[in-house]
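Asks: Quick one: structure below, then a few questions.
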Amino acid sequence: QVQLVESGGGLVQPEGSLRLSCAASGSIFSISDMRWYRRAPGKPRDLVATITSSGTTTYADSAKGRFTISRDNAQNTVYLQMNSLKLEDTAVYYCNADIVVVGLRGPNLGHYWGQGTQVTVSS
């Protein structure tokens with residue numbers, strides 16, 4: 001069994017910063033890509049940023065220049081540093097990861113989600 005647990009959300013003023021964390025735990029053999037998504041009220045869930053196991057990153061246009069995704073492979077943790085936050089960044093942020101777990105029948109690749117953390121940008 002694998003769990004992804006996010007933390008770091010909260011209320012912040014426009015132009016403020018927040019750092020989200022997401023820690024994976026369980027019978028983990030390896031983790032490849034890790035991602036952050038967000039879902040704003042009344043909108044579909046959107047991909048914000050991706051980081052590969054080797055550290056290659058990609059960003060949505062809305063996140064470029066303001067957000068930074070990083071990871072600590074030893075801690076099975078992914079981070080999202082968000083700067084210059086805007087009202088439109090208000091959303092529930094979810095982490096997501098491709099994880100190979102160790103099962104009774106050997107390694108098995110799964111696609112896992114965290115429970116989400118609320119980020120509210122408001123003056």
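Where a number appears in this text, it was derived from the coordinates with a stated rule and is not lab data. Because the structure is predicted, anything quoted here is derived from the model rather than measured. Every residue, glycine among them, receives a Cβ derived from its backbone with ideal geometry; neighbour counts consider all protein chains shown.
Asks: Residue by residue through region 109-123, which ³J(HN,Hα) values in whole Hz follow from phi under the Karplus form 6.51 cos²θ - 1.76 cosθ + 1.60 (θ = phi - 60°), with glycine and proline marked x?
Replies: 7, x, 10, 10, 10, x, 7, x, 9, 7, 10, 10, 10, 7, 8
Asks: Using only alpha carbon pairs under 8 Å that are at least six residues apart, calculate the relative contact order of region 1-73 and give it in whole percent.
Replies: The value is 20 percent.
Asks: Determine, for each peptide in 46-53, 13-20, 102-109, 34-41, the mean count of other beta carbons within 10 angstrom over its residues, then list the peptides with the highest first.
Replies: Numbers: 46-53: 17.4, 13-20: 14.6, 102-109: 10.0, 34-41: 19.2.
Descending packing order for the listed peptides: 34-41, 46-53, 13-20, 102-109.
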